[in-house]
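The values are calculated or read from the model by the stated rules, or taken from the named source; none is laboratory data. This is a predicted model, so every value here is computed, not measured. FYI the Cβ positions are ideal-geometry reconstructions off the backbone, even for glycines, and counts take in every protein chain you see.
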């Protein structure tokens, strides 16, 4: 009997040890730390990749088109964009020394918020000027992150909402030009372009509103694929670039060079500060949606300083400015999946995609009309995000004056750049190419000087 009891204890002990080992090996996907089962983690990681991949490469394709890059340089730019997005995601999730990086479950990718200014710089200067401005902007973000508590008061929801709203509005001409076939294309404005572009837009819209689960989350990707197939019937696709591209290639640091130009630096640096404020919103949405808490000061500082550092690194390897992706924040809030390993796997998948030139070359074959149809909804969403931020404040006469005048000045000057014709060239670059700078300056100034009890919005 004693022997039986001893055997029973031994079996229980082994079960207990096995259970502990199992728990240690397979942590819950709803916990930040620990290794979850790969059969759960890998599909969830792919879900995040599918939600971000199109948005990540599209700004690179757009800027490459404006800058007049050849196919080889386009591939290099797309590669670098994917690689820096992967590195940025990994470091944000796991951090460097607990200082650079938020250690929160977020996905980073190339940001549409910079697109109006990047296209203006690409058209007026070159890619090297973009990366020079990006390096300075990264340092500005680091300084903002180190002083986040003091500087946040200048960027209440009313201001950030106005800026985001202006960015969204300024992107609409890009989408329409793309649907029409791309400016400078021999068939610009052809009915075939409009047909394919509008069909792509409708597909994305239908999937967004009636799709469920992964279909809804990957609506942009699915819409792009279907639009791509439709465009093939009109002879819009050429695979010559794919045939000549290699199977593996490391990023090419400083391939495009680095140049510093004052007006471009001012524009991009201001955007970096604005996006630092936006990042606070995304970090907050991530923690409140996935962890049922607000982010700590350490997480915010680490997140924003990491954002700045990684964009400096991105500029050196040829990747354009990154930011947290709100669509992925939405997935976290919906699924409650916050395990860091899931996001580490996602960053690995993005990295592999960035190291395969054939994949990047394949992306360059997407017709402009398909891209335009796919992203016009994204641009509309950016605009309405700004509107929602504005609407969190009381829409009284003071606040509507701030928003209305800021948007009017920003968009108005951009639509009529010749109004600055007799000013020095740098004035046109800073204030006439992108509405963001003017809208931001006007909004901040009015928020600080206009009287009324609503001045609390500015933190005073």
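Tabulated values for the structure
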quantity: Pairs where the first residue, in the range 142-167, is without any contact (Cβ under 8 Å) to a residue 12 or more places away in the chain and the second is part of a helix (DSSP H, G or I) and surrounded by fewer than 22 Cβ atoms within 10 Å (Cβ to Cβ), C-beta under 6 Å, 6+ apart; calculated: none
quantity: Count - residues of the range 196-211 that are closer than 22 Å to residue 232 by Cβ, exposed (fewer than 15 other Cβ atoms within 10 Å of the Cβ) and modelled with pLDDT under 90; calculated: 0
quantity: Only one of 289, 281 that is farther than 24 Å from residue 80 by Cβ, part of a helix (DSSP H, G or I) and free of Cβ contacts under 8 Å to residues at least 60 places away in the same chain; calculated: 289
quantity: Where a residue in the range 348-369 is without any contact (Cβ under 8 Å) to a residue 60 or more places away in the chain and its partner, wherever it lies, is part of a helix (DSSP H, G or I), with Cβ under 6 Å and at least six apart; calculated: 359/353
quantity: Meets criteria (assigned to a helix (DSSP H, G or I) and surrounded by 23 or more Cβ atoms within 10 Å (Cβ to Cβ)) for residue 410; calculated: yes
quantity: Residue within the range 426-437 that is at pLDDT 85 or above, in contact with a helix residue (DSSP H, G or I) (Cβ under 9 Å, 6 or more places away or on another chain) and part of a helix (DSSP H, G or I) present; calculated: no
quantity: Residue selected from the range 373-392 under the condition modelled with pLDDT of 85 or more and either in contact with a strand residue (DSSP E or B) (Cβ under 9 Å, 6 or more places away or on another chain) or over 18 Å from residue 59 (Cβ atoms) (or both), by the criterion surrounded by the most Cβ atoms within 10 Å (Cβ to Cβ); calculated: 390
quantity: Long-range neighbours under 6 Å by Cβ, at least six apart or interchain, first residue under 10 Å from residue 346 (Cα atoms) within the range 29-54, second at pLDDT below 75 and not in a helix (DSSP H, G or I); calculated: 50/218
quantity: Residue satisfying condition, being free of Cβ contacts under 8 Å to residues at least 24 places away in the same chain, out of contact with any strand residue (DSSP E or B) (no Cβ under 8 Å at 6 or more places or on another chain) and in a loop (DSSP other than H, G, I, E, B), within set 212, 216; calculated: 212
quantity: Qualifying residue in the range 248-262 (condition: touching a helix residue (DSSP H, G or I) at 6+ places or on another chain (Cβ under 8 Å) and part of a helix (DSSP H, G or I)); calculated: yes
quantity: Those residues of the range 292-322 which are over 30 Å from residue 76 (Cα atoms) and part of a helix (DSSP H, G or I), in sequence order; calculated: 297, 298, 299, 300, 301
quantity: Breaking point among (1) out of contact with any helix residue (DSSP H, G or I) (no Cβ under 6 Å at 6 or more places or on another chain); (2) at negative phi, for residue 319; calculated: (1)
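Residues are listed down the side, and each one gets a yes or a no for (1) under 18 Å from residue 323 (Cα atoms); (2) at pLDDT 85 or above:
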position: 122; (1), (2): no, yes
position: 127; (1), (2): no, yes
position: 130; (1), (2): yes, yes
position: 137; (1), (2): yes, yes
position: 149; (1), (2): no, no
